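J.: Sharing a structure with you now.
The values are calculated or read from the model by the stated rules, or taken from the named source; none is laboratory data. Computed from a prediction, not measured in an experiment: that's the story for all the values here. Note: ideal-geometry Cβ built from the backbone for every residue, glycine included; neighbour counts use all protein chains shown.
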Amino acid sequence: MSAFLHTSLDVVEEKISAVGKSLGDQRELYLGLLYPTEDYKVYGYVTNSKVKFVIVVDSSNTSLRDNEIRSMFRKLHNSFTDVMCNPFHNPGDPIQSKAFDGIVSGMMVQTG
Amino acid sequence: MAGSQWELPPELCCRPMAFVALTGLDVVYNAVHRAIWDAFCANRRADRVPISFKVLPGDHEYPKCRTKRTSYEWYIPKGILKTGWMNKHLNLVPALVVLFYELDWDDPQWKEKQSECATKVEIVRTSLQGRNTKVAVVLIQKKTPLPPGEDLVASERAATLCNACDLSGKSLFVLPHTDHLVGYIIRLENAFYEHAQTYYYTEIRRVKSHKEFLNKTTHQLLFVRHQFKIAFFSELKQDTQNALKYYRTAYSLVHELRAHETNMLEIKTMAGFINYKICRLCFQHNTPLDAIAQFRKHIDLCKKKIGSAELAFEHAAWMSKQFQSFGELFDEAIKLGLTAIQTQNPGFYYQQAACYSQDRKQQAQQLCQAGATYPSPEPLDTQSGGLDFYGQRPWRQGHQSIDPPDAEKEKTGILALQIKERDVPHSELIIALLSNAVAQFKKYKCPRMKSHLMVQMGEEYYHAKDYTKALKLLDYVMCDYRTERWWGLLTAILTTALRCAYLMASVKDYIIYCMELLGRASTLKEEQKLRIEKNLIKVLTNEVPDAEPECDSSSVSAAKSLWSDRMALAGSNELTIEVQDYIPFIQCKAKFQSPSFHVDQPIQLQVFLRADCPHPVSFNKLSVSLSNQEYNQWCVVESSGQESMSLLPGKTKRFNFSFVAKTEDVGKKIEMTGIEVMLGSDSGRCVFMSWRGAGGDAASTHEALQASRSSRRWGRCLEARQEPDWDSLTMQHSTMIISRVPKISVQLSHQPPALNNEMYCISVTIQSQEEGVAKDVKLTAGLKPGQDANLGQTTHVTLDGSKVCDDTAPALLPDVPLGDLKPGEKLEWCVYVKCVSTGPRVFLFHVAYSIDTTVEGRQIVCKCHKDETVTIETVVPFEVSVKFVSTKFEPLDRVAVDIPFLLMTDILSSSPWPLLLASSSLQLTGESASECFCLRCPPLTNSNSTVATGQYLISWRRYSSSADSPLIQTTVTLPHVILESVPLYIHADVPSFGRVRESLSVRYHIENRTALVQEVEMAVEPSDAFMFSGLKQVRLRILPGSEQQMLYNYYPLMAGYQTLPQLNISLPRCPTTNTHTLRRFLPQRIFVKWLSESSGSAGGRRLHRCSLRRTHTHTNRLL
């Protein structure tokens, strides 16, 4: 699975570089569906500081539309920003935040 | 065989082209026929009609046509599509048979030939019995035909020939064998093409006509078959749009078939075929999105149609093939100009194909037991040697009911298939697909996907027991994962690599992977690490390590014997491993204590080691190599005897080294070139872990960055900690050796600013504060190098201040030996600098010496030096201004020839220091010195011109300088003066003063300066202040060059300054010279005293008052 995440960065990188050339700052953070594969759908999201979020959804799950995924990313981003604002957090270290974990597992439960 | 079972048949994958048979050509022995055949075959470019030609003998037997069915009522089809059908229509049943016959219109044996031709046509017709195949005749003629309609014989004979052969006029052609063969051939084949199209059109109609006889319950298979045939004929007809339409119908029909376990393979096979055709046509029509959509639909429909569970691997194999062939179609379309993108390229299909091949392999391993023996009557053999219908089972061909007819046969058949599957080289297939995918992902810029697939390839090689290739691939991608810090993935790769290394008994690789798996980047569990460390220690003591888990037992036993062979080999038990690019379990960082050391200080060096493995690790030697190898001996630490040095897990150990630098290395850099830690011992196996430079590894740079970030935040916490934080330890891999700090003082004393051209004295005081004798003290003094190049020419330095130095003196005096200097001794030297130009200059005073000293008991000779620099401004000492005045101190704008005048110089000192001009001195700043020179200009031939007045030399020195210091000569160029000549010169002898009522005699001298006799009229005007006696008005003549004197006795009447009586002189012959011009030579006034008793007070008043220090009254002759 992590190999899978790793490979999806190829597309993220390509998309960022393509967008970076044309629009600059007014970039849409949500990158949309990255990869078509047999079993999963991979969605990407990149913040302005180039922090990447990836959500992987089972291909058979049809309940999640683009808009839902987008709002999930927004939520994730907000929560991530909160973590980064914590003065006790050192950027680059693994995230140890109950609030963040709560948000993430909340999403997992919700999507089933 | 088993691998090729899934290959798509070539007749499916090719582009169908109309089949035209050529008969009556003898291409072996007849050159003309050969040329005709070549013209048909050669150069079949895209612009020529798509026909496949074949030369067949005239009596060739074409496949027999089965008798036409009149009713389908009792007919039950045995399968969807016969295996031979496509090939039959591509290669066996022609759309058109062309008979070539050599016959000219005017052939003498026309009749015989005509009937022979008719016979031949008849033979062809017979062998095509029942088919709709067209027949055409081509007459090969030697003569060029006449234009149509002109050759009456020809048209008549053509008609009879057509009759005889039962041909329509459209099917008879003439091929003149002339130069324009290719042109005729192209026209011919276009005509053939039309015939072929008609043929395929009738075939389509024929197949369509069956439809009405079919019923939906028993003839479902036929619906598919007929649609497929129509589509295929459409393709042959080159009507790809309709072909696509019919294939699509066939595709939906195939999924409407009742599917059950026995016919699942047939349905899938046909679905796969039709899907392939559809996708192929979509790509051909340049609608790749349709192709992709069709393929997705196909996969979604078929994914779950596994069929028999015992043959599940077949489904995987089929799925893999679907993806692979789509990938190939996609790739082919790209080669023909389609553009793919990163997220939609053939790589994904190859990858998925590989994925299904992996599934296939897994299922094959599960389902195909090793023990079974192959069933004895071969169940897979058929009578014909092949299958009648695509996708059927050999042991029950044509069987279409739900249950297999014979359970026993079914069982042996499946067993046979399973046993065959066991022999399939799955890994080879997977690797081939993966490498296809890698090539695609490389092309579409997906480096990570590429790495991921290469890992899979490596793993597959591992499964295929090709460990060398596996390691090569894994090694290649490992560093990518390392640099991107995906530790989980790296650990997984390393684990596979370790297994490979173990099974190959590759000692070095084994050690490397162990080291990294024990290191901090590894995400292995503690017990795994313990096991690996145990194995590593075993290898170091030359023992066979324990097998890695999850290796199959046969390979393990082979590996064990390999290992014991390795261990038995004597010698070569030393290994050096470059660990810099890995993340080994021992970390190393080293630093020089300081970025620079003085040569008289010991150089200090620290090496930090830290182990990340679970057990303490011991090592026997630590050595640091430096750029100057002579120092290496001081930077080694070895275990003594039995005791080895050990590192505790997670603890940092520090080793200090120090050594004394050589004096030759002053000014040089010492670098650490490498650090080596020796694990193991000579008795077992020595492994040198070697770091380049000052240590660190693939992950330490990022860790240091991370640490610096956190330390910035938690700076205070860090201070409180006792042990230094490993991550924030910085490496210092080089140090400078700099010269010893000089213990000597150099002081400069001087009086700035320097004056232009003077011998400026800078006094240098050197005092030793050394404890020993400073030897070979040398002074380098002068202009600091590297300034404006002109300064070097206008600056002169000398030690001799007794005389003014000349231009040969250098700007910098190098290495003036000053001898030895005892402790506390003081030396004083004067350096004289002559600056020819003004402006600032930087002067350098460099004192070098050597001294003996001891560092850590070692005697060394140190060279020390001390530099002093000073910036000195040079200014002009004084400014000189010059003016010309008459003897009466009236400013002159021009000078009369041969008449004395005065030159006055004003010297304005701009020096802050008092100056001595020659022998008198000027005490105050800003004071001016004036000198007066009385000059007379000699007569010149060309009067009224300007002349140069010459130069003015001033000899001077500083007032403060000693008496023997040289005088400096400064030359001032005087301004030019305008000369004029006067014809008459008059001057008067007048006493300096007169007294009231005392006679005062004044004598006027009148000189004639011209070469002519001058007549002078002279008159004295009356004055209130004087009475006078003498000629009041006179006219006289003066000879050339002579003078006349006139004496007057004036008798002053009043005291004080009195204007003398005016003398009016006129020269009638020389009107330019009037009284006024002459009067300036005469005194105007005189001071008249009272009677003699008051002369004392009046005497206090001088005629001239000025601040002259000295007055020279030279009578210089100019020029």
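J.: Does residue A:97 qualify as being touching a helix residue (DSSP H, G or I) at 6+ places or on another chain (Cβ under 9 Å) and more than 12 Å from every other protein chain (Cβ to nearest Cβ)?
T.: Yes.
J.: Name the single residue that is nearest to the other protein chains (Cβ to nearest Cβ) among those in the stretch B:337-368 being in contact (Cβ under 8 Å) with a residue 40 or more places away in the chain and farther than 22 Å from residue B:456 by Cβ.
T.: B:341
J.: If residue B:441 passes every condition in (1) within 14 Å of another protein chain (Cβ to nearest Cβ); (2) under 21 Å from residue B:581 (Cα atoms); (3) not aliphatic (A, V, I, L, M) but one, which one does it miss?
T.: Single failed check for residue B:441: (2).
J.: Another one. From the list B:28, B:32, B:49, which one is on the phi < 0 side of the Ramachandran plot, outside any loop (DSSP other than H, G, I, E, B) and of a type outside the set (Lys, Arg)?
T.: B:32
J.: Got a number for residues in the stretch B:235-273 being outside any helix (DSSP H, G or I) and over 14 Å from residue B:223 (Cα atoms)?
T.: 8
J.: Can you tell me which of B:134, B:54, B:113, B:120 is without any contact (Cβ under 8 Å) to a residue 24 or more places away in the chain and farther than 21 Å from residue B:210 by Cβ?
T.: Matching residue, one of B:134, B:54, B:113, B:120: B:113.
J.: Taking residue B:70 as the residue in question, decide whether it is of a type in the set (S, T, N, Q), at pLDDT below 85 and more than 16 Å from residue B:19 (Cβ to Cβ).
T.: Yes, satisfied.
J.: In the stretch B:466-583, which helices (runs of 4 or more DSSP H) lie fully inside it and hold 1 or more residues that are modelled with pLDDT under 85 and away from chain A (no Cβ under 14 Å)?
T.: B:553-568
J.: Check residue B:143 against each of (1) of a type outside the set (Ser, Thr, Tyr); (2) loosely packed, with under 15 Cβ neighbours inside 10 Å; (3) free of Cβ contacts under 8 Å to residues at least 24 places away in the same chain and name the one condition it does not meet.
T.: Unmet for residue B:143, out of (1) of a type outside the set (Ser, Thr, Tyr); (2) loosely packed, with under 15 Cβ neighbours inside 10 Å; (3) free of Cβ contacts under 8 Å to residues at least 24 places away in the same chain: (3).
J.: Oh, and also: So, of the residues in the stretch B:444-463 that are assigned to a loop (DSSP other than H, G, I, E, B) and closer than 19 Å to residue B:483 by Cα, which turns out to be farthest from the other protein chains (Cβ to nearest Cβ)?
T.: The selected residue is B:445.
J.: Within the stretch B:712-734, does at least one residue satisfy the condition of being of a type outside the set (Ser, Thr, Tyr), in contact with a Pro (Cβ under 9 Å, 6 or more places away or on another chain) and at pLDDT 85 or above?
T.: Within the stretch B:712-734, one or more residues are of a type outside the set (Ser, Thr, Tyr), in contact with a Pro (Cβ under 9 Å, 6 or more places away or on another chain) and at pLDDT 85 or above.
J.: Going by the conditions given, is residue A:54 away from chain B (no Cβ under 12 Å), part of a strand (DSSP E or B) and touching a strand residue (DSSP E or B) at 6+ places or on another chain (Cβ under 6 Å)?
T.: Yes; evaluated as a whole, the condition is true for this residue.
J.: Then there is this: Taking the condition over 24 Å from residue B:497 (Cα atoms) and either acidic (Asp, Glu) or in contact with a helix residue (DSSP H, G or I) (Cβ under 6 Å, 6 or more places away or on another chain) (or both), does residue B:440 pass?
T.: Spelling it out, residue B:440 is indeed over 24 Å from residue B:497 (Cα atoms) and either acidic (Asp, Glu) or in contact with a helix residue (DSSP H, G or I) (Cβ under 6 Å, 6 or more places away or on another chain) (or both).
J.: Can you tell me how many residues in the stretch B:659-693 are closer than 18 Å to residue B:731 by Cβ and not aliphatic (A, V, I, L, M)?
T.: 9
J.: Mind checking which residues of the stretch B:875-908 are assigned to a strand (DSSP E or B), surrounded by 19 or more Cβ atoms within 10 Å (Cβ to Cβ) and either in contact with a Phe, Trp or Tyr (Cβ under 6 Å, 6 or more places away or on another chain) or not aliphatic (A, V, I, L, M) (or both)?
T.: Within the stretch B:875-908, B:878, B:884, B:895, B:901, B:903, B:907 qualify.
J.: Would you confirm, using the coordinates I've provided, whether residue B:334 is within 11 Å of another protein chain (Cβ to nearest Cβ) and of a type in the set (Val, Ile, Thr)?
T.: no
J.: Additional query: Restricting the search to the stretch B:990-1038, which residues are among the hydroxyl-bearing types (Ser, Thr, Tyr) and assigned to a strand (DSSP E or B)?
T.: B:1001, B:1004, B:1029
J.: Continuing with the same structure: Condition check: exposed (fewer than 11 other Cβ atoms within 10 Å of the Cβ), of a type outside the set (Asp, Glu), free of Cβ contacts under 8 Å to residues at least 60 places away in the same chain and at negative phi. Does residue B:371 satisfy that?
T.: yes
J.: Where the second residue is among the charged types (D, E, K, R) and assigned to a helix (DSSP H, G or I) and the first is without any contact (Cβ under 8 Å) to a residue 40 or more places away in the chain and closer than 23 Å to residue B:323 by Cα and lies in the stretch B:406-435, which pairs have Cβ atoms under 7 Å and are six or more apart or on separate chains?
T.: B:431/B:460
J.: Taking the stretch B:299-345, which residues are among the small types (Gly, Ala, Ser) and under 41 Å from the mean Cα position of the chain (by Cα)?
T.: B:327, B:333, B:337, B:340
J.: Looking at the stretch B:400-419, is at least one residue crowded, with 22+ Cβ neighbours inside 10 Å and either in contact with an Asp or Glu (Cβ under 9 Å, 6 or more places away or on another chain) or more than 14 Å from every other protein chain (Cβ to nearest Cβ) (or both)?
T.: Scanning the stretch B:400-419, I find at least one residue that is crowded, with 22+ Cβ neighbours inside 10 Å and either in contact with an Asp or Glu (Cβ under 9 Å, 6 or more places away or on another chain) or more than 14 Å from every other protein chain (Cβ to nearest Cβ) (or both), so the answer is yes.
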